[in-house]
């Protein structure tokens, strides 16, 4: 006798079938449903996908009053009349289609929350000499003004440059830099309307300031050169200087900040109302 | 062996107790709470008699744009700044959710202002150099005014 126990194994056959039966019909139906859902999602996304609209929605928070007219092809203006004569005033929704380029005076448009901040391409201390190279904080990060405009593709571009620089840069140099800047905008944004804003006047006190005096006669000379440049470049010129100066040809003290050059909030409203009533047709 | 184990355990427990107490202290500091919403504080500064240029109470869009912050970074904010572009006056109080990010954003804002005013208006640049970014618990604030001490004293009075 070996004493070894014999092991026995009992197999219990389960009456249940496999947990998941493979049914070809079910797999086919699931495939159809998934394909249909993916197709619907794609079509929904495709209907809302539009590069231009994505870019413009970044800037344009409200519908523009000019949107109806812009549904038609934009006619090239054959004749430009400068300074732009008065026109039927538009409402502030127009500014949703505009970019504002400039220096600290233009910064005030956003600081006073008068136009959307993302539409302002300006910085304190900006001048015409560094407009092509200096980077500023824009809706697209730290970019040059031109790079920001290229991404935004605004319908209208308003430029006010020269107040910062008039005291020390020769007018001929300023106009030369300005031409260069305008040319690059025209090359990169051929469909945008470009408006040059004449630089504003200064107060009598600023004319006779001990530090950095600015003369209204120098401002007037510069503005007349800007007008010639606008005609040569076939772009628009808006004479906000005349709208802002008093009968004595100077900036009224009541409308100016303490330095005799920057604006109070009410002054910006005067300028913006003037712009809204001087739109190129 | 048993004695070594006992010693190590003792040291470990002492260290744990020490760090727990330190943690308690930090937690107490971070719980500094202003007695009123931050916009009440800035309103008091604006009405305190400090000489300001024309100032603007900044909208949230503009605040987020200039400070490069988003909704999830803070729970409260109040900012006033000079509207004209020729003045550097600013009051800013932010109750941070992400304090590190908010402090960095405020530093960048101050540096950016100094950079633009440095070669532009010396008087305004000097005013910016006379200010510092400060924190109180989760609150981050800075003021650039004609009387920074008065403005900061007003802020701190809401934490007593």
Just report the Cα centroid separation between the range B:57-122 and the range A:207-281, whole Å.
30
Classified through the alpha carbon gyration tensor (a ≥ b ≥ c as square roots of its eigenvalues; rounded if a/c is under 1.5, else prolate when a/b is larger than b/c, else oblate), the range A:75-276 comes out rounded
Across the residues of B:83-94, average count of Cβ atoms on other protein chains within 10 Å?
6
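Determine the relative contact order of the range B:30-160: mean sequence separation of Cα pairs under 8 Å and six or more apart, normalised by residue count, in whole percent.
Values: 200 pairs, mean separation 39.9, N = 131.
Answer for the range B:30-160 is 30 percent.
How would B:42, A:35 line up from fewest to most surrounding beta-carbon atoms within 10 angstrom?
Working: B:42 25, A:35 10.
So the ranking, lowest neighbour count to highest, is A:35, B:42.
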How many nm is it between the label spots at residue A:38 and residue B:149, if each spot is 7 Å from the Cα in line with the beta carbon?
7.2
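Would you list A:174, A:43, A:126 from fewest to most Cβ contacts within 10 Å?
Working: A:174 21, A:43 9, A:126 25.
Listing A:174, A:43, A:126 from fewest to most nearby Cβ atoms yields A:43, A:174, A:126.
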Can you give the % of DSSP beta bridges in the range A:75-276 that are antiparallel, to the nearest 5?
25
Among A:38, B:129, which comes first, second and so on when ranked by fewest other beta-carbon atoms within 10 Å?
A:38, B:129
Assuming R0 = 60 Å, can you tell me the calculated FRET efficiency for the pair residue B:44 and residue A:24, based on Cβ-Cβ distance, to the nearest 0.05?
0.20
Run the quick spin-label model on residue B:68 and residue A:87: label points 7 Å from Cα toward the beta carbon, then report their separation in nm to one decimal.
3.8
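In nm, what is the difference between 0.36 nm times the number of residues separating residue A:168 and residue A:248 and their Cα-Cα distance? Provide the component values of the computation, followed by the final result.
Numbers: separation 80, 0.36 × 80 = 28.80 nm, distance 2.46 nm.
Working it through step by step, the gained length comes to 26.3 nm.
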With the crude spin-label approximation of a point 7 Å out along Cα→Cβ, what separation in nm comes out for residue A:208 versus residue A:8?
12.7
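Quick note: the coordinates plus some simple rules give every number you see, no bench work behind them. Values in this document were obtained by computation on a predicted structure and should not be read as measured data. Because the Cβ atoms are built from the backbone with ideal geometry, glycine has one as well, and the counts that use them run over all protein chains shown.
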